[in-house]
Amino acid sequence: MQVVRQSMLAVLVLSATTACGSSDMPPTPPATPPSTAPTPAAWTLAWSDEFEGPAGATVDLTKWNFDVGGGGWGNQELESYTDRSRNAFLDGNGALVIEALSEAYKGPDGIARNYTSARLKTKGLFAQAYGRFEARIKIPYSQGLWPAFWMLGANIDGVGWPSCGEIDIMENIGREPSTVHGTIHGPGYSGAAGPGAPDSLPGGQRFADDFHVFAVEWEPTAIRW
């Protein structure tokens, strides 16, 4: 397996999946022990967003842009992604809210859907190869939701997916409130064939009950969740 080594852009998304909550998550083999992590002092901050601003404001458009459309990108998603502040807005306390709504909506692509949400990305604004990529997130809890924090190769427009590569830092299937998944996709190992592993909270705790920091440390010879 060859891991695609090039700059990645970040994506934050909250998706409404099919009614049965299906996804293309691969089977989840037992996790292997992590390799030794660098100390925090080894990292130099290259980019951040603390989502500071008044309640209801839109995101900083010098750092984020939006995927807009209702096609679902092959995932059988039920929502239209919008760039409206009612789907993605600041809460006034240093947090970004991505809100999925049940509403009839027809976007500029002409596709009518019964749900809306938002999919934010740094495409064209920031991309980086290697480093520590992290976000502090409180995910929602409900059947049919699919929150995710992931990275795509910055050359996706030129080579397409999966040749551009993808690193899923965190994905959650709504029917699995105690489990998140980390997965790699690339040429020859995409979709359900992408290698990955789950991480579960003990004692039936739910990720939706609190904020958690989700991260990967990406090096030339390792990706560490």
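Could you check, for segment 188-205, whether at least one of its residues is among the acidic types (Asp, Glu) and either in contact with a Pro (Cβ under 6 Å, 6 or more places away or on another chain) or in a loop (DSSP other than H, G, I, E, B) (or both)?
Taking segment 188-205 as the starting set, the residues that turn out to be among the acidic types (Asp, Glu) are 199.
Next, from what is left, pick out any that are either in contact with a Pro (Cβ under 6 Å, 6 or more places away or on another chain) or in a loop (DSSP other than H, G, I, E, B) (or both): none.
No; the residues of segment 188-205 include none that is among the acidic types (Asp, Glu) and either in contact with a Pro (Cβ under 6 Å, 6 or more places away or on another chain) or in a loop (DSSP other than H, G, I, E, B) (or both).
Per the listing Ser48, Ser35, Ser23, the residue uniquely of a type in the set (Ser, Thr, Tyr) and at pLDDT 90 or above is Ser48.
Looking only at residues of segment 181-209 that are in contact (Cβ under 8 Å) with a residue 40 or more places away in the chain and of a type in the set (A, V, I, L, M), we find that the one that is surrounded by the most Cβ atoms within 10 Å (Cβ to Cβ) is Ile184.
Which is surrounded by fewer than 18 Cβ atoms within 10 Å (Cβ to Cβ) and under 22 Å from Gln143 (Cα atoms), of Gly110, Gly71? Spell out how you get there, then give the answer.
Details: Gly110 fails: under 22 Å from Gln143 (Cα atoms).
None of the other options fit; the residue is Gly71.
Number of residues in segment 126-147 that are under 13 Å from the mean Cα position of the chain (by Cα) and either farther than 13 Å from Thr179 by Cα or surrounded by fewer than 16 Cβ atoms within 10 Å (Cβ to Cβ) (or both) equals 7. Listed here are the strands (runs of 3 or more DSSP E) enclosed by segment 52-115 that have at least 2 residues being touching a helix residue (DSSP H, G or I) at 6+ places or on another chain (Cβ under 6 Å) and more than 30 Å from Ser190 (Cβ to Cβ), and there are none. Restricting attention to segment 113-125 and to residues that are of a type in the set (Gly, Ala, Ser) and buried (at least 16 other Cβ atoms within 10 Å of the Cβ), the residue that is farthest from Asp83 (Cα to Cα) turns out to be Ser117.
The values are calculated or read from the model by the stated rules, or taken from the named source; none is laboratory data. Since this is a predicted model, take the numbers as computed values, not measurements. So basically every Cβ, Gly included, is an ideal-geometry build from the backbone, and we count neighbours across all protein chains shown.
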